[in-house]
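Bear in mind these aren't lab numbers, they're just calculated from the coordinates by the rules spelled out. Keep in mind it's a predicted model, so treat the numbers as computed, not measured. Note that each Cβ is placed from the backbone with ideal geometry, even for glycine, and that neighbours are counted across all protein chains shown.
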Ligand code: ARG
Ligand code: ZN
């Protein structure tokens, strides 16, 4: 058993050491911060060598980051939450570092110029602590925050928005996308699943190491690792692609089967609407957790171990995020409506399937939004990231655009917008510019700006 020496700030931030129920102060006024990012660096690849046993809750990690500099720098700052670091090397050379809450500061051996590329190796480990957001509770030591979670001898990850730093040091901003390799060593009675292609399984004394490659750029909030015993079912989706569905054996092999059996039809629907599925693998995994939401983790969608409202529509929602959210990723958290608004729009299309019922559904959505004076989908406070305005009014932006330009021009926009930003990031001004160009109607600019930024909702265009 490893001995842990905990610094004082870590002990103070550790929920499991606190008494029964604590709620972080619910403040609606925290701006979406950018402090978890180092503007001087671009991480190109994360190689994460993780050893974990849910029974002890310990996570040992060696993270190798391939970094290039966007400006001259003598140090770099990564996000890392509550896990002590023991050693840092830059291109093989030991370097000084320091830790403060949620920060790992690393001194470079010398001032390096913009364009310099190097590898940073970070050895760290301990018991991961979830990242709490304003209003989250800690009930009897179990937090409902984000990040690495351990429950009933299993572990899983839900990062969005800033939980990645609870299990690996990272440049935690949606615009710094990178490729990943995960090597996850677990007791040999368990299996590890992570984003991407399983490339090897190696047995050691009482352990197994699973290696996964995610070779498409991925934002930190979409990275995930799961450790449990699973029933795994492969489901053909179409020529050249199959889904791997992983269900914790504790949940029974038929858990939510009626929903995941619809994956082939859902994939076909999205490919017809937008274009080919962006990634080389397709996975869906359940957890034993009781979280109230699913997450579109890249090429490995995560669902909690309880039925969510929304049924099949909720499954189509997460699948559509693979195109809008994961391949085309919001540049900043303020732009999150570009992810959730699109997913809600496709959900509308999937659950209605004919023009008349779609019209009715949009009308109902519109009336509700008007009745509640729903504010703009573009958000500036962290508290609003997953608010109805992001999803509902976000979808209405797209329905309003479609009603203005007509079905054919809208379809042209949708496919062109996807192609223009696939595997990259997109900001709200990028979206507005693309809409004006691809529909051939520059006059939509003003209407979109009002729908996206104005607190007061504009009238819905007559179609
Ligand atoms: N992105 C998820 C979705 O598909 C929602 C995540 C909600 N996250 C949270 N921390 N509550 O809608
Ligand atoms: Zn969503």
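Compute the length gained on full extension between residue 370 and residue 292: take 0.36 nm times their separation in residues and subtract their Cα-Cα distance, giving the result in nm to one decimal.
Going from the current span to full extension adds 25.4 nm.
Pairs of Cα atoms under 8 Å, at least six residues apart: use those to get the relative contact order of region 41-228, whole percent. Before the final figure, lay out the partial values.
On the way: 512 pairs, mean separation 44.2, N = 188.
The value is 23 percent.
Can you sort 229, 208, 402 so the residue with the fewest Cβ neighbours within 10 Å comes first?
Result, fewest neighbours first: 229, 208, 402.
Using the alpha carbon gyration tensor of the chain, what are the three equivalent-ellipsoid semi-axes (square root of 5 times each eigenvalue), largest first, in whole Å?
Numbers: eigenvalues 266, 133, 97 Å².
Working through the eigenvalues yields semi-axes of 37, 26, 22 Å.
Of the listed peptides 329-335, 250-256, what is their order by residue-averaged count of other C-beta atoms within 10 Å, with the highest listed first?
Peptide ranking by packing, descending: 329-335, 250-256.
Quick one: grab the alpha carbon gyration tensor of region 41-228, order the square roots of its eigenvalues as a ≥ b ≥ c, and give me rounded if a/c is under 1.5, else prolate or oblate depending on whether a/b is larger than b/c.
Cα axes put region 41-228 in the prolate bin.
If one computes the Cα centroid of region 399-463 and of region 363-377, what distance in Å separates the two points?
Measuring centre to centre over Cα atoms gives 19 Å.
From the Cα gyration tensor of region 320-457, with a ≥ b ≥ c the square roots of its eigenvalues, which class applies: rounded if a/c is under 1.5, or else prolate if a/b is larger than b/c, or else oblate?
Rounded, because the longest to shortest axis ratio a/c is under 1.5.
Got a sec? How would 214, 270 order by Cβ neighbour count within 10 Å, fewest to most?
270, 214
Kindly list the residues of region 357-375 that lie in the label zone of residue 407, defined by a backbone N under 12 Å from the point 7 Å along the Cα-to-C-beta vector.
Under cut-off, by backbone N: 357-359.
Which residues in region 155-188 place their backbone N less than 12 Å from a point set 7 Å from the Cα of residue 44 along the Cα-to-Cβ direction?
The answer is 179.
Can you tell me how much longer the chain between residue 51 and residue 107 gets when fully stretched, taken as 0.36 nm per residue apart minus their C-alpha distance, in nm with one decimal?
Values: separation 56, 0.36 × 56 = 20.16 nm, distance 2.66 nm.
Full extension of this stretch gives 17.5 nm more.
Compute the Cα gyration tensor for region 169-254, then decide on rounded, prolate or oblate, letting a ≥ b ≥ c be the square roots of its eigenvalues: rounded whenever a/c is under 1.5, prolate when a/b is larger than b/c in the other cases, and oblate in all that remain.
oblate
Full extension from residue 308 to residue 253: what is 0.36 nm times the residue separation minus their Cα-Cα distance, to one decimal in nm?
18.0 nm
Using the count of nearby Cβ atoms within 10 Å as a rough guide to exposure, how do 342, 421, 118 rank from fewest to most?
118, 421, 342
In region 382-418, which residues have a backbone nitrogen under 18 Å from the label point lying 7 Å from residue 443's Cα in the Cα-to-Cβ direction?
Hits in region 382-418 for residue 443 at 18 Å: 400-410.
Provide the packing ranking of 346-352, 306-312, i.e. peptides ordered by the mean count of other C-beta atoms within 10 Å per residue, highest first.
Descending packing order for the listed peptides: 346-352, 306-312.
Among 50-56, 280-286, how do they line up by average Cβ neighbours within 10 Å per residue, starting with the highest? Can you show the working numbers first?
Numbers: 50-56: 18.1, 280-286: 22.0.
With the highest mean Cβ count within 10 Å placed first, the list reads 280-286, 50-56.
Take residue 242 and residue 456, extend 7 Å from each Cα along the Cα→Cβ direction, and tell me the distance between the two endpoints in nm.
Placing both labels 7 Å along Cα→Cβ, they lie 5.8 nm apart.
Using 1/(1 + (r/R0)^6) with R0 = 35 angstrom and r between the beta carbons of residue 380 and residue 203, what's the FRET efficiency to the nearest 0.05?
For residue 380 and residue 203, the calculated efficiency is 0.10.
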